Amino acid sequence: MTCLRFDLRKKMIPYIEGRLAGPGTARLERHLLSCDFCRALLVRLRTGHQMAQRLAWLSLAIDEVPQFDSGIAGLVATGATGRAWPSTWPDRLEALATPRVVTVLAAVVLLQLGLLVVSNRAVLLGEHSRTSVSTGSINLAEFRQLTIPELRSNTQPHVATEGYVEDVHTDEEEGTVAFRLVERPQSGSSFVVCEIMSPIQMAPPPEGSRVRVYGVERYDAQQDRKWYEVNPVLNIVALKP
Amino acid sequence: MDRTKTKAAPAVALKISPARAPEEHRLTVAAKRGEPGVFREIYNAYRARVYNLALYSIGDSAQAQDVLQAVFLKVFRGLAAFRFESSLATWIYRIAHNECRDHHRRRKAPFVPLEAVLGSTDEVDPQPSSHEQHARRERDLIIQRAVMQLPFKMREVVVLKYVEGLSYEDMARVLGCAPGTVASRLNRALAELEERLRPFRQLL
């Protein structure tokens with residue numbers, strides 16, 4: 001069975017290279033103890049890594065690389081110089097008016113129009129999905145619908161839960177977006193931490209909005225956490241407040 | 001919410017040691033001024049790395065040379081507008097990556113095996129070699145060929161990491177994506193590489 005711990009999979013190469021910090025190593029090793037899929041993947045990655053490492057020793061023949069005089073010098077010397085960026089706006093617009101730029105601008109305008117139509121349609125329907133990947137392979141109806149407090153006693157991996165969005169947080173280094181989903185806004189009520197991660201691309205919901213989140217439930221037992229998570233988030237549906 | 005792991009990606013320069021960075025800066029400033037001979041220095045400093053990337057990406061030495069030329073023409077043309085928002089190396093790598101990607105999109109031609117690029121092993125290494133050296137070279141060629149037959153995006157991350165030695169952060173800058181995406185892509189590439197080389201495990 002496929003494991004959805006994309007977050008831990010991303011740590012496997014640093015782990016193999018011995019570059020993963022202590023807590024990360026412990027977290028990954030705990031998971032490996034109970035996950036056949038990730039153990040098998042780790043073995044494959046280690047083998048692939050060992051083979052790929054040999055590339056570092058394989059230098060391609062340097063004499064194949066053209067020397068400056070036989071390569072680019074002629075082009076540089078014969079006026080293949082860059083055009084300076086024009087100093088006046090009419091000249092700049094003229095410089096920008098290449099067929100390629102015009103095509104790109106036209107495509108952007110059409111895309112914006114398309115998004116506007118789709119967005120309006122979603123508003124009329126009352127709710128819309130925020131995910132940018134196809135959920136064709138995921139049957140959202142099979143996700144267990146639970147309230148946030150009910151997540152504590154749940155034993156099913158795939159859950160759907162509703163609440164208000166607070167504390168949206170982007171981690172650029174990890175490439176993840178996390179937010180807190182609470183039962184009632186600003187009340188200190190029960191919460192679950194939701195995490196969106198690559199390869200699932202999804203715009204984070206606006207803070208204060210009410211959403212239904214689909215994903216994999218887990219418990220983060222780290223010392224400074226000890227909270228329930230929906231990680232990874234597989235789909236988000238905006239709801240009426 | 002205390003998310004202590006959060007921090008912005010460090011602004012490290014690409015494979016430029018602290019000792020080398022001032023030299024790179026000096027070269028770039030001089031090149032922007034159009035000082036004679038400086039562009040040659042830049043070319044000589046980066047040509048092998050750009051060529052390596054192009055050859056692994058494209059799989060054909062003649063086309064890799066064309067890409068090399070196109071990359072350095074763009075570098076030459078773009079130097080005046082270079083604003084030190086990244087290191088020179090990152091910028092050159094990014095141009096090379098874009099050029100390889102565009103070349104790959106335009107071409108869509110059948111893959112050329114590495115043997116066709118390098119010729120027979122006798123041609124590659126004119127020195128009389130021992131049996132073990134010959135066998136090692138054969139093994140290396142199998143790995144190189146397997147890498148060059150990976151899908152383009154997978155091949156890129158493998159080459160940037162294992163041939164060029166870049167960090168996830170630097171790869172992300174060159175490829176224009178998040179480090180997390182780099183990590184996922186690298187995982188897929190290595191798993192694919194392992195699968196392709198599995199029949200040769202006894203040899204390797």
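The values are calculated or read from the model by the stated rules, or taken from the named source; none is laboratory data. Not measured: the values here are computed from a predicted model. So basically every Cβ, Gly included, is an ideal-geometry build from the backbone, and we count neighbours across all protein chains shown.
Of the helices (runs of 4 or more DSSP H) lying entirely inside the range B:127-194, those containing at least 1 residues that are buried (at least 24 other Cβ atoms within 10 Å of the Cβ) and more than 12 Å from chain A (Cβ to nearest Cβ) span B:152-158, B:168-175.
Considered as a group, the residues in the range B:1-43 that are among the hydrophobic types (A, V, I, L, M, F, W, C) and in a helix (DSSP H, G or I) include one that is modelled with the lowest pLDDT, and that residue is B:ALA21. The selection criterion, being in a loop (DSSP other than H, G, I, E, B) and either modelled with pLDDT of 80 or more or touching a strand residue (DSSP E or B) at 6+ places or on another chain (Cβ under 6 Å) (or both), does not hold for A:GLN145. Within the range A:1-24, count every residue that is closer than 14 Å to A:PHE37 by Cα and loosely packed, with under 12 Cβ neighbours inside 10 Å. Result for the range A:1-24: 2. B:PRO151 falls short on exactly one of the conditions (1) out of contact with any Ser or Thr (no Cβ under 8 Å at 6 or more places or on another chain); (2) touching a residue at least 60 places away in the same chain (Cβ under 8 Å), and that condition is (2).
Residues that are farther than 21 Å from B:ALA189 by Cβ and within 12 Å of another protein chain (Cβ to nearest Cβ): does the range B:85-97 have at least one? Scanning the range B:85-97, I find no residue that is farther than 21 Å from B:ALA189 by Cβ and within 12 Å of another protein chain (Cβ to nearest Cβ), so the answer is no. Collect the residues in the range B:162-204 that are of a type in the set (Phe, Trp, Tyr) and farther than 23 Å from A:GLU172 by Cα, keeping them in residue-number order. Once the filter is applied, which keeps residues that are of a type in the set (Phe, Trp, Tyr) and farther than 23 Å from A:GLU172 by Cα, the range B:162-204 yields B:TYR162, B:PHE200.
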